[in-house]
Amino acid sequence: FGISVDPVNNANVWIYGEWAKDVAGVNSIWDWGTWLGEVSFTVAPPPAITLALLPDATSVARGGTLGYQITATNTTASTQCFDYWENVTLPNGSTYPPSGALFGPVNVCLNAGATKNVHMTQGVPMGAPVGSYMYNGYVGAAYPTVGNSHSFNFSVTAFSPATKTPVRSW
């Protein structure tokens, strides 16, 4: 058996092999045959927009504010327009909000090779369960189709009287 990349289309691979078996009614002991097959692979292009979310801190108290930096980069040679949105994975594994978008979707356009940095804050409700969370950011051609994503983990701790009232809450 052997395998070879198609010289005309590198998304196709040819698999070939020789086999032998005794075929009834044929005068030889073994009859030889060749098996040939083609497999096609879809080669996904790299995402046009790369995304990174970086938290200011990995722990925030109930009633406090979670701050984070969003960096989106257009990796192509042409202007790209896309939707951006966010949600949170709660300690029990469910997504909040159930609709899928805590913030957004907002439409953003980036020139070829451009990078956009935005600092955001998110209020943590007083009733948020203490535990481990994941904050998720997404980009896609149109919400809710995901082209790329990035997440960070953070924890919610018990309320501290020194925390501020949140501006936005989930």
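The values are calculated or read from the model by the stated rules, or taken from the named source; none is laboratory data. Note that the structure is predicted; figures quoted are calculated from it, not measured. FYI the Cβ positions are ideal-geometry reconstructions off the backbone, even for glycines, and counts take in every protein chain you see. These area figures cover heavy atoms from the full protein model, side chains too; ligands, DNA and RNA do not enter into them. Shrake-Rupley method; radii C 1.70, N 1.55, O 1.52, S 1.80 Å.
Which pairs have Cβ atoms under 9 Å, sit 6 or more apart or on different chains, and link a residue in segment 102-127 that is on the phi < 0 side of the Ramachandran plot to one that is acidic (Asp, Glu) and open to solvent by 30 Å² or more (accessible area, probe 1.4 Å)?
His119/Asp56; Thr121/Asp56
In segment 74-154, which strands (runs of 3 or more DSSP E) lie fully inside it and hold 3 or more residues that are open to solvent by 50 Å² or more (accessible area, probe 1.4 Å) and within 14 Å of Leu51 (Cα to Cα)?
The strands (runs of 3 or more DSSP E) meeting that bar are 115-123.
Filter segment 46-73 down to the residues that are closer than 12 Å to Ala114 by Cα and part of a strand (DSSP E or B) and list them by number.
Ile49, Thr50, Thr71, Ala72, Thr73
Each row is one residue, and each column tells you yes or no for (1) at pLDDT 95 or above; (2) charged (D, E, K, R); (3) under 12 Å from Tyr135 (Cα atoms); (4) in contact with a Cys (Cβ under 7 Å, 6 or more places away or on another chain).
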residue: Glu38; (1), (2), (3), (4): no, yes, no, no
residue: Pro45; (1), (2), (3), (4): no, no, no, no
residue: Ala48; (1), (2), (3), (4): no, no, no, no
residue: Leu53; (1), (2), (3), (4): yes, no, yes, no
residue: Asp56; (1), (2), (3), (4): yes, yes, no, no
residue: Val60; (1), (2), (3), (4): yes, no, no, no
